[in-house]
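The next block holds one structure in the form of structure tokens; read it before the comments.
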């Protein structure tokens, strides 16, 4: 599907994902092609000269199979801070710049992490359902078994969003530690080189690391066992970061106290066992999902493509594909 007719002075962009209003407005001076679900081979053969790709949602992997069909591709401008759906290493080998949308969503995701933590520890969704079901006249909702007052929070990851989460946690007066590949000299919280050691010393994990092979199943049965029966796990990273079957087993057997999850391995399909458990709070991947923040993310997709079209450096290239000039 082509949204406007090509002209000699209108750069062309291939779109994977929905054409949201902010993208349509920002790229109005471009010829926008939608990657079709059927007839893809013929479409790509007819449009092999395309040089820009916008990915507005991680609906499918982007890597060698597509790059082979678009030999002149120069930029992949992607939505979201995470880009594990894009093979950045393959792009780098071909001189393709990959960009993402960091920073503009930091505060929104940090807010969501704190909200999910409070909901999980204080059982707020369960208490709300108690009211809606008309059970309050028959008796008060039971006292929550957990509190933030006696907890130590371990952040798994201390990037931009991790720092924003920690800044909020300071207001709660709780001890904060973190695990990352290396200590950050600009962060004063205690650093744990080994995740398993941190899990033994805390009772709450907030996970905010990139997805991908390096972090797949890093929160596994060993980490959950180390966290212990009072443990709480909050995941606002990627579903792949947690060994989902191991988490379900730990929740069912009360090897940990509870979990709060905004992300899942096979989104939007949530394991049926999680839906039946009363010690887990589930959100539909809404970490950055406010109209305000999503518009800023879409604008950054646009701004990276505008920079490319003007021959200027991209605003937010990923580390694997640093800008060295447009070929």
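Each value in this text was obtained by applying a stated rule to the coordinates, not by laboratory testing. Nothing here was measured: the structure is a model prediction, and the numbers come from that model. Every residue, glycine as well, gets a Cβ built from its backbone with ideal geometry; the counts of neighbours run over all protein chains shown.
For the range 148-162, does any single residue satisfy the condition of being under 13 Å from residue 114 (Cα atoms) and out of contact with any helix residue (DSSP H, G or I) (no Cβ under 8 Å at 6 or more places or on another chain)? Yes, the range 148-162 has at least one match. One residue stands out among those in the range 86-106 that are assigned to a loop (DSSP other than H, G, I, E, B) and in contact with a strand residue (DSSP E or B) (Cβ under 8 Å, 6 or more places away or on another chain): the one that is nearest to residue 319 (Cα to Cα), which is 100. Tell me which residues, restricted to the range 193-202, are in a helix (DSSP H, G or I) and over 10 Å from residue 227 (Cα atoms). Result: 195, single match.
Among the candidates 311, 287, which residue alone is buried (at least 21 other Cβ atoms within 10 Å of the Cβ) and not in a helix (DSSP H, G or I)? Step by step, each of 311, 287 is checked, and only 287 is buried (at least 21 other Cβ atoms within 10 Å of the Cβ) and not in a helix (DSSP H, G or I). Test residue 303 against the stated conditions and say whether it is exposed (fewer than 15 other Cβ atoms within 10 Å of the Cβ) and out of contact with any strand residue (DSSP E or B) (no Cβ under 7 Å at 6 or more places or on another chain). No; evaluated as a whole, the condition is false for this residue.
Taking the range 201-216 as the range and being farther than 16 Å from residue 263 by Cα and crowded, with 16+ Cβ neighbours inside 10 Å as the test, the residues that pass are 202, 203, 204. Applying a threshold of 9 Å to beta carbon distances and a minimum spacing of six or more residues, or different chains, the list of pairs starting in the range 90-107 at a residue that is at positive phi and ending at one that is in a loop (DSSP other than H, G, I, E, B) reads 95/74; 95/321; 95/324; 95/327; 103/81; 103/316.
Quick check on the range 217-237: of everything there that is in contact (Cβ under 8 Å) with a residue 60 or more places away in the chain and surrounded by 23 or more Cβ atoms within 10 Å (Cβ to Cβ), which residue is nearest to residue 155 (Cα to Cα)? Checking each candidate, the answer is 234.
If you go through the range 146-178 and keep only what is touching a strand residue (DSSP E or B) at 6+ places or on another chain (Cβ under 8 Å) and touching a residue at least 40 places away in the same chain (Cβ under 8 Å), you end up with 146, 151, 152, 153, 154, 155, 156, 157, 162, 165, 169. Residues in the range 203-255 that are over 18 Å from residue 265 (Cα atoms) and not in a helix (DSSP H, G or I): 203, 204, 205, 228, 229, 230, 231, 232, 253, 254, 255. Within the set 116, 143, the sole residue that is closer than 17 Å to residue 287 by Cα and either in contact (Cβ under 8 Å) with a residue 40 or more places away in the chain or loosely packed, with under 13 Cβ neighbours inside 10 Å (or both) turns out to be 116.
Residue count for the range 156-190 under the criterion of being surrounded by 13 or more Cβ atoms within 10 Å (Cβ to Cβ) and either within 19 Å of residue 231 (Cα to Cα) or more than 23 Å from the chain's Cα centre (by Cα) (or both): the result is 14. Note on the range 61-74: residues that are part of a loop (DSSP other than H, G, I, E, B) and surrounded by 13 or more Cβ atoms within 10 Å (Cβ to Cβ) amount to 4.
Checked against (1) on the phi < 0 side of the Ramachandran plot; (2) surrounded by 13 or more Cβ atoms within 10 Å (Cβ to Cβ); (3) in a loop (DSSP other than H, G, I, E, B), residue 29 meets all criteria but (2). Quick check: anything in the range 59-73 under 26 Å from residue 296 (Cβ atoms), touching a strand residue (DSSP E or B) at 6+ places or on another chain (Cβ under 7 Å) and touching a residue at least 60 places away in the same chain (Cβ under 8 Å)? Within the range 59-73, not a single residue is under 26 Å from residue 296 (Cβ atoms), touching a strand residue (DSSP E or B) at 6+ places or on another chain (Cβ under 7 Å) and touching a residue at least 60 places away in the same chain (Cβ under 8 Å). Inspection of the range 256-272 identifies no residue that is closer than 27 Å to residue 116 by Cα, surrounded by fewer than 16 Cβ atoms within 10 Å (Cβ to Cβ) and touching a residue at least 40 places away in the same chain (Cβ under 8 Å).
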